[in-house]
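Step one of this worksheet: look at the structure below.
Readers should treat all values here as calculations from the given coordinates under stated rules, not as data from a laboratory. Treat the numbers as computed from the prediction; the structure is a model and nothing was measured. So basically every Cβ, Gly included, is an ideal-geometry build from the backbone, and we count neighbours across all protein chains shown.
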Amino acid sequence: MSLQANHLGAHPYIRLWLLVIGLLVYAMILIGGATRLTDSGLSITEWEPLKGAVPPLSPEAWQVLFDKYKTTAEYKLQNAGMSLAEFRYIFWWEWGHRQFGRLIGLVAIGGFVFFAVKKWLTRPLAARLLLLIALGGVQGFIGWWMVASGIGETTRIDVAPYRLMTHFSLALLIIALTAWTWFQLGPAPKHKGQPIQKGAVQFAVLLLVLIGVQMAAGALVAGLDAGRTYTDWPLMAGEVFPSNYIEPGYGGRTLFEGRAATQFNHRFLAYILMAVSLYAWLKYRRAGFALMAGLVWAQAVWGILTLVMAAPIGLALIHQGLGVIILIAAVRLVWLERAMPMAKLQTSLSD
């Protein structure tokens, strides 16, 4: 679907707004990763969208929040004896994560209202932007659904990995849709002198889907700290295929909650993605496919380094951040390849 504003001069302003939102969501993903890696996500035990925007302002308020945290399994089983100062450290990570979400919501709603008042939005464009805002609202609910999985349990000291995967995957969908809309509102790509190649669009879509699935699989690994469980490569604990891939008592849940299974799946998907990206580049010899292959292989090398170093926070965040960049590059590749037939038609008509 082609998107246009009522006034073409509005496109640069709407695209700037989308760029700001994209950057904020990207930062939010990294903040969320840091919140997870510092074990801060369960430090706030209640979801208060409005009241929660104000941090504790007195020693008494801090003590009330700390006492609530002491009722969680994470405190009892992992952080018993934690000082108030240590609690404040993890609290600020989670509070900042939630506050950043509120900021994104204000920027998104404020921009939409401004454009609507200026009467710049056509019905299709307004629907697309409202969809983005709605997804952001849903993300807030899913974020709490995720956190609640680690608060109400008596033995769980982390959030449920499949809920973390859902939360992360929706963030990827939001940033991908934001990027796609930004591309659609920009100038048409130039394909002068480049032939239309059969299957290129399908390969671009395949890469995008594989990248999305791979990143979702990575979220399961992160949620289980499975990247710190098996730190040898290319083997896993000296085995080609882990003998405990199916963990006793887990059944089908092994695919979502088994440390060996999730890490092996993440590795195997990476090999598939590397092969497909390389084959696509060799087949089509276009800059977009070359960029994808280069990014995918660089990410694989960085992932191996992160793994053998037992996933320190700096390396892990770079791995996550590069993954988002690869996703956006894949969105751009699909946009470029889908736009080529139209660009060729317009060129032939102008000639």
Please give the charge dipole size of the range 1-79, origin at the Cα centre, charges +1 on K and R Cβ atoms and -1 on D and E Cβ atoms. Round to the nearest 20 debye. 200
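Could you tell me which of rounded, prolate or oblate describes the range 130-226, using a ≥ b ≥ c as the square roots of the eigenvalues of the alpha-carbon gyration tensor, with rounded for a/c under 1.5 and, failing that, prolate when a/b is larger than b/c and oblate otherwise?
oblate
When the chain is fully extended, how far beyond the present Cα-Cα distance does I272 get from Q99, taking 0.36 nm per residue of separation? The partial results should precede the final answer.
Numbers: separation 173, 0.36 × 173 = 62.28 nm, distance 3.78 nm.
Between I272 and Q99, full extension yields 58.5 nm more.
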Which angle from 0 to 90°, rounded to the nearest 10, does the C-alpha axis of helix 59-69 make with the longest principal axis of the chain? 90
How big is the charge dipole of the range 1-159 about its Cα centre, in debye rounded to the nearest 20, if each Lys and Arg gets +1 on its Cβ and each Asp and Glu gets -1 on its Cβ? 800
Could you give the dipole magnitude of the range 95-236 about its Cα centre, charging the beta-carbon of Lys and Arg +1 and that of Asp and Glu -1, in debye to the nearest 20? 820
Ranked list, fewest to most other Cβ atoms within 10 Å of each Cβ, for S40, S277, S58: S58, S40, S277
What is the angle, in °, between the Cα long axis of helix 259-284 and the longest principal axis of the Cα atoms in the chain? Nearest 10 is fine, range 0 to 90. 10
Please return the longest range in the chain lying between exposed loop sites, taking trypsin sites (Lys or Arg not before Pro), DSSP loop only, at most 16 other beta-carbon atoms within 10 Å, and leaving the sites out. 199-284
Could you check the spin-label model distance between W302 and L106? Points 7 Å from the Cα along Cα→Cβ, value in nm. 3.1
With the cut-off at 1.5 for a/c, could you classify the range 1-113 from its C-alpha gyration tensor as rounded, prolate or oblate? prolate
